[in-house]
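Report on one structure; see the data block that follows.
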Amino acid sequence: MKTETIAAVGTASYPAAFAVRFSEMPNVPTTPQYDLDQNSQYFATVRASRPRPWIRYWARSVDLVMAGAAFAIVAGSLGVNVEHWNNFAFGWLVLLLWIPFEAAFVSSCGATPGKWLFNIRLSKPDQSLLTLQQALGRSVAVLIRGLGLGIPIVSFFTQIAACGTLNKRGATSWDEQYGVVVKHDPIGAGRILGIILTLFVLLLLIGLGNAMNDPTASAAGLNVASY
């Protein structure tokens, strides 16, 4: 899988470049706070910890890159060559395919692999996990309101807006809608090591994807180690 193809996943999730600096953020209580929101399907606007938009961005980026690498490997094993696919189409497909997996992780574990690495946990106000239906609804809301359906320019502005809402209200619109508590715990040395190892494994997965999707590799006697 080409490096620019992996990067295409990132085009669907631009960073919120104009995020408010942490020193300028309003004081947010470290204990859960519940505000009545008549416009929400669920009643709670929950603030479990200080908003950390960049940590959330990197956690989601890790999830999407892992999903993209896994998809390329599975496609290659099935004889589908994604090497020459349009980068935007590949990234958009990864976003769609990731939704049910994200929902399954959140409803069963309270975190995706990327969120676990960055020590982020999602739950309801009573500490119970979201149902699969709620997690699916939240993931779709993130895709539409947060990622702008993966359309690069639209995504840029939707993420700026989402970042502003998070900094101002202490929660994103989709977390308000489903009454989700987002808890950020410290990222210790063990998780930092895990993040580094994950990046190394992702490079190996990209090499494996290249090997499985390169029609000239087998003819030339190349293997994964060659990448």
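The values are calculated or read from the model by the stated rules, or taken from the named source; none is laboratory data. The structure presented is a predicted model; accordingly, all values stated were derived computationally and were not measured. FYI the Cβ positions are ideal-geometry reconstructions off the backbone, even for glycines, and counts take in every protein chain you see.
Name the residue, out of 187, 192, 206, that is β-branched (Val, Ile, Thr), surrounded by fewer than 19 Cβ atoms within 10 Å (Cβ to Cβ) and either free of Cβ contacts under 8 Å to residues at least 40 places away in the same chain or closer than 27 Å to residue 74 by Cβ (or both).
Working: 187 fails: either free of Cβ contacts under 8 Å to residues at least 40 places away in the same chain or closer than 27 Å to residue 74 by Cβ (or both); 206 fails: surrounded by fewer than 19 Cβ atoms within 10 Å (Cβ to Cβ).
After ruling out the rest, the residue left standing is 192.
With the structure loaded, tell me whether residue 166 is more than 19 Å from residue 64 (Cα to Cα), of a type in the set (A, V, I, L, M) and either more than 13 Å from the chain's Cα centre (by Cα) or modelled with pLDDT of 95 or more (or both) or whether it fails that test. Give the steps one after another, and end with the answer.
On the way: more than 19 Å from residue 64 (Cα to Cα): yes; of a type in the set (A, V, I, L, M): yes; either more than 13 Å from the chain's Cα centre (by Cα) or modelled with pLDDT of 95 or more (or both): yes.
Judged against the criteria, residue 166 is a match.
Give 124, 115 a once-over and let me know the one that is more than 14 Å from the chain's Cα centre (by Cα) and on the phi < 0 side of the Ramachandran plot.
Details: 115 fails: more than 14 Å from the chain's Cα centre (by Cα).
On inspection, the qualifying residue turns out to be 124.
With the checklist (1) under 19 Å from residue 134 (Cβ atoms); (2) β-branched (Val, Ile, Thr); (3) at pLDDT 80 or above in hand, flag the one item residue 46 doesn't pass.
So the condition that residue 46 fails would be (3).
How many of the residues making up the stretch 128-164 are among the polar types (S, T, N, Q) and touching a residue at least 24 places away in the same chain (Cβ under 8 Å)?
Counting residues in the stretch 128-164 that are among the polar types (S, T, N, Q) and touching a residue at least 24 places away in the same chain (Cβ under 8 Å) gives 5.
Which helices (runs of 4 or more DSSP H) sit wholly inside the stretch 81-187 and have at least 1 residues that are of a type in the set (A, V, I, L, M)?
Working: elements: 87-109, 113-117, 132-141, 152-169, 173-177.
Those helices (runs of 4 or more DSSP H) span 87-109, 113-117, 132-141, 152-169.
Condition (residue is of a type in the set (Ser, Thr, Tyr) and modelled with pLDDT of 80 or more) applied to the stretch 63-81: is it met by at least one residue?
Going residue by residue through the stretch 63-81, those that are of a type in the set (Ser, Thr, Tyr) are 77.
From what is left, the residues that are modelled with pLDDT of 80 or more are 77.
Among the residues of the stretch 63-81, at least one is of a type in the set (Ser, Thr, Tyr) and modelled with pLDDT of 80 or more, which makes the answer yes.
Within the stretch 69-91, how many residues are surrounded by 20 or more Cβ atoms within 10 Å (Cβ to Cβ), under 16 Å from residue 143 (Cα atoms) and among the aromatic types (Phe, Trp, Tyr)?
1
Looking only at residues in the stretch 112-127 that are out of contact with any strand residue (DSSP E or B) (no Cβ under 9 Å at 6 or more places or on another chain) and touching a residue at least 40 places away in the same chain (Cβ under 8 Å), which one is nearest to residue 189 (Cα to Cα)?
Filtering the stretch 112-127 for residues that are out of contact with any strand residue (DSSP E or B) (no Cβ under 9 Å at 6 or more places or on another chain) and touching a residue at least 40 places away in the same chain (Cβ under 8 Å), the one nearest to residue 189 (Cα to Cα) comes out as 117.
Those residues that are closer than 11 Å to residue 56 by Cα and aliphatic (A, V, I, L, M), I need them from the stretch 118-129; list them, please. So that I can check it myself, show each step before the final result.
Going residue by residue through the stretch 118-129, those that are closer than 11 Å to residue 56 by Cα are 118-121.
Across the stretch 118-129, the qualifying residue is only 120.
Give the residues of the stretch 124-138 that are in contact with a helix residue (DSSP H, G or I) (Cβ under 7 Å, 6 or more places away or on another chain) and surrounded by fewer than 21 Cβ atoms within 10 Å (Cβ to Cβ), sorted by residue number.
129, 131, 132, 136
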